1. Report, for the range 23-269, the % of DSSP beta bridges that are antiparallel, rounded to 5.
2. How large is the translational diffusion coefficient of the range 96-233 in µm² per second when you combine the Kirkwood radius over alpha carbon pairs with Stokes-Einstein at 37 °C and 0.692 mPa s?
3. Quick one: what does P(r) look like for the range 252-319 with 10 Å bins over all Cα pairs, in whole %?
4. Once amide H atoms are built 1.01 Å from N in the peptide plane, which residues 5 or more positions from HIS94, or in another chain, come under 5 Å H to H?
5. To test your reading of the geometry: what angle, between 0 and 90 degrees and rounded to tens, separates the Cα axis of helix 324-333 from the longest principal axis of the chain?
6. Could you point to the residue in GLY101, ALA263, ASN244 farthest towards the positive end of the chain's charge dipole, with +1 and -1 charges on the Cβ of Lys/Arg and Asp/Glu respectively?
7. About the Cα centre of the range 261-378, how large is the charge dipole given +1 on each Lys and Arg Cβ and -1 on each Asp and Glu Cβ? Please answer in debye to the nearest 20.
8. So how strong a dipole does the range 310-372 carry about its Cα centre when Lys and Arg Cβ are +1 and Asp and Glu Cβ are -1, to the nearest 20 debye?
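Laboratory data are not the source of any read-out in this text; all were calculated from the coordinates shown. Everything numeric in this text was worked out from a predicted model, so none of it was measured. Cβ: placed from backbone, ideal geometry, glycine included. Neighbour counts: every protein chain shown.
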Amino acid sequence: MTIPAHLLPADGRFGSGPSKIRPAQIDALTSAGAAVLGTSHRQPAVKDLVRRVRSGLADLLAVPDGYEVVLGNGGSTAFWEIAAACLVERRAQHASFGEFGAKFAAATARAPFLAAPQVLRAEPGTVALLEPSPGEDAVDVHATPHNETSTGAMITPTRVPGSAERGALMLIDATSGAGALPVDLTQTDVYYFAPQKVFAADGGLWLAIASPAAIERAARVEAAAPADGRWVPEFLSFTTALTNSRANQTLNTPAVATLVLLAEQVDWLLAQGGLEWSAARCRESATALYDWAQARTWASPFVADPAHRSTVVGTIDLDATIDAGAVVAALRDNGVLDVFPYRKLGRNQLRVGMFPAVDPADVQALTACVDYVVEHLG
Ligand SMILES: *Cc1c(COP(=O)(O)O)cnc(C)c1O
């Protein structure tokens, strides 16, 4: 099936991660960035790049006084293990309403030196909200995704009432939300993410905005190990990552190209108008997608509650009479890429990455392409 050219988006990349990288970012790899590629990450040029990323993110996310931008290798998945090793003192509470929240819960459940986590589960397409956990078995970490990339459901990070008084930390997995969803970082202790979603770079790095309480927690937990039976491998040491980050370094060699792409995207977002601009642009895309679905008899937003419908990753269920896999394949044949649902969700669904690199006009064009494909599938 050939979709008429005038219907096609200017750029057909709608992946939910890795996501569209803007051509100007790729150009930077061969212009300004070319000078740092293939040079030592211990020398000023790469350190300056890390500094640019850290100060740009501090601006973009309005990082509060005393909070620090920390980074290391291994992506958000590595950060879950770092959190289990260094940030959870005894027991974590997890909101689990999709694959990613569930994976972090599984990570703390596996740690032999931690008590079994409290897992608040909700069906995919809905959200579970963190709640107070007082008493004997109180938790010292509350953890939730900001945006559950596997289902397209988002929440607003807010401190659990009473948690600060109990010294419990708020850990927010913002891998697909940071830089595109509004956030008040004073409501969080660790707001962590990776560059391959909103920041339109390659994967492999984790970044975390950490509060003084989180920094203090890690120092205390790490100092008590291994005498208390906990093993903190150097690679998973939050405090080691912090020390390196303060020097605009990473413990081991980072992907310099990823840092270039990330720095370019952070600067671009700032130049466009910062987080407010980014959030508004994603909202515009999301409104176009959800309004389109609601106007079709054969499509509907997967997330029932409009307040929890993600403005960065849109999930649209298709009627059982339409094979979403065939729609995805026809789109792919025409250069419209990666709108398949999360593999383990197993729904007859389209999932659309609407990160700030994606032009809202291209999301509009995508909906026209889906209309065309559905009409011509026969
Ligand atoms: C993509 C994603 C992850 C995993 O990120 P990696 O960098 O691949 O480890 C974790 N959490 C959320 C919410 C994600 O979207």
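1. On the way: 12 of 28 bridges.
Rounded to the nearest five, the antiparallel share is 45 percent.
2. Numbers: Rh = 15.8 Å.
Answer, rounded: 207 µm²/s.
3. 18, 34, 23, 20, 5, 0
4. For HIS94, the qualifying residues are GLN118, VAL119, LEU120, ALA143.
5. 80 degrees
6. Value: ASN244.
7. Details: 9 positive and 15 negative charges, 77 e Å.
That gives the range 261-378 a dipole magnitude of about 380 debye.
8. Numbers: 5 positive and 8 negative charges, 67 e Å.
I would put it at about 320 debye.
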